[in-house]
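For reference, the structure is listed below as structure tokens.
Throughout, read-outs are computed from the coordinates displayed, never taken from laboratory work. Computed from a predicted model, the values in this text were never measured in an experiment. Ideal geometry is used to build each Cβ from the backbone, glycine not excepted, and the neighbour counts take in all protein chains shown.
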Amino acid sequence: MPIPLQRDCYDSDHEIFRDSVRSFFERSLVPNIERFEEQREVDREFWNSCGKAGLLCPTVPEEYGGLGLDFRYNAVVTEELAYLGSSASIPLQSDIVADYFVDYGSEAQKHRYLPGMIDGSIVAAIAMTEPGAGSDLKGIKTVARRDGGDWRISGSKTYITSGKHCDVVIVMAKTDPQMGARGMSLFLVDADTPGFSKGRKLDKIGQHTADTSELFFDDVRVPASQLLGEEGQGFIQIMKLIPQERLSQTIMAQAGAQRAFDEAVNFAAGRSMFGSRLLDMQNTRFTLADHAAHLQVGWAHLDRCINRMANHALTTEEACAAKLWHTEMQWRITDECLQLHGGAGYMNEYTIARLWRDARVQRIYGGTSEVLKEVIGRNLVAGAQ
């Protein structure tokens, strides 16, 4: 079955929007998914088409060219995209990066960047991860030093989604290395800034249509007006917005798991083995029944999380727990559904193979499962004292 339609977190307006999203993806994405996978990125025109269709950054206020809608509209787009088995980085633009501009940007920054992010003419990225610092952001080495009224940024970033396509990137750098987390700031760097360069497009196991690159900052000079938010508040800004990032990944996990399950049911119904359908064998039925139960629970929990985010109530610990549970569930279901495909599951021509490849990183980026457990565990310890 596809994504459940009778949901506690959506109303009739959201479902009308879902119909338009599905129609757009059927026209503009589905016929091109295999080509996007082969070329390891979506066409730039796809971004423009998404913008024209109203799929990008729907929560941005109207004064900056947006629709001023609630997060549930973002969730609809992310669900439909993930169910199709696409890793196009629309959720990065809409669910993650846009709010940095809305919440922390100056009026000049908002008017300069947000309209283009909405119509697709500007692709934005965020650069935090470095070769020696991922989930532990305090370990970054990129620095920004004052030079008169400007800043000079030096360092490198890796595993940056939309790194190849980006027109602007939010860069996390240390502005006072002695201050730890309170010595980190965010900067906006345009792609044509001297000293900024994009490295190779990285060869990943999966999520091939989300172009991912290295970025290099060789004494990049930016004016003080490119500081995003307040100096020394970068780490705090990220921590305030990371629950929505993790919820976005949770949504992808749930929809991706549902698609893997549906692929397995359809395959098992048409596959004969020992004189009967694979679906009629007890092991197959029991495996899929277990998956169906977990998916049912998952959708109910996801609706709760989406509602809480739409009401600005989702906590850091809740977001950590959601990403932990749903991505681990996605991996188990996807892996077992590939197993039900037998040898066919190992063939790239089957959708389950792409779903399996793409699911693996879900337990890594945005905070590994181990880091999420640590965050949840620390909160338990603090609450018990």
So if I take the alpha carbon set of the stretch 65-208, get Rg, then get Rh from the Kirkwood formula, what is the Rg over Rh ratio? 0.97
Going by alpha carbons, how many degrees (0 to 90, nearest 10) lie between the helix axis of 282-310 and the longest principal axis of the chain? 30
Could you rank the peptides 339-349, 165-175, 222-232 by their average count of other C-beta atoms within 10 Å per residue, with the highest value first? 165-175, 222-232, 339-349
Centre separation in Å (Cα based) which lies between the stretch 74-124 and the stretch 310-334: 21
Under a Cβ-Cβ cut-off of 14 Å, what is the net charge of the residues other than G68 that fall near it, where Lys and Arg count +1 and Asp and Glu count -1? -3
For the stretch 97-165, what is Rg from Cα atoms divided by 2.2 N^0.38 Å, rounded to two decimals? 1.28
Taking the chain as a Gaussian network, Cα atoms linked when under 10 Å apart, which of H294, H326, H208 shows the biggest mean-square fluctuation? H294
How compact is the stretch 44-97 by the rule of thumb for globular proteins, expressed as Cα Rg over 2.2 N^0.38 Å? 1.07
Cα atoms only: what Rg and Dmax, in Å, come out for the stretch 125-232? 13.4, 44
MRE, 222 nm, helices only [DSSP H, n ≥ 4, -39500 (n - 2.57), over the chain, to nearest 500]: -16000 deg cm²/dmol
What is the chain's relative contact order, in percent, from Cα pairs under 8 angstrom and six or more apart in sequence? 16
I need the P(r) histogram for the chain: all alpha carbon pairs, bin width 10 Å from 0 out to the longest distance, whole percents. 5, 23, 33, 25, 11, 3, 1, 0
What relative contact order, as a whole-number percentage, does the stretch 1-100 give when Cα pairs under 8 Å and 6 or more residues apart are counted? 29
Cα-based convex hull volume of the stretch 130-180 per residue, rounded to whole Å³: 88
Over 10 Å intervals from 0, what percent of Cα-Cα pairs in the stretch 55-127 sits in each interval? 21, 56, 21, 2
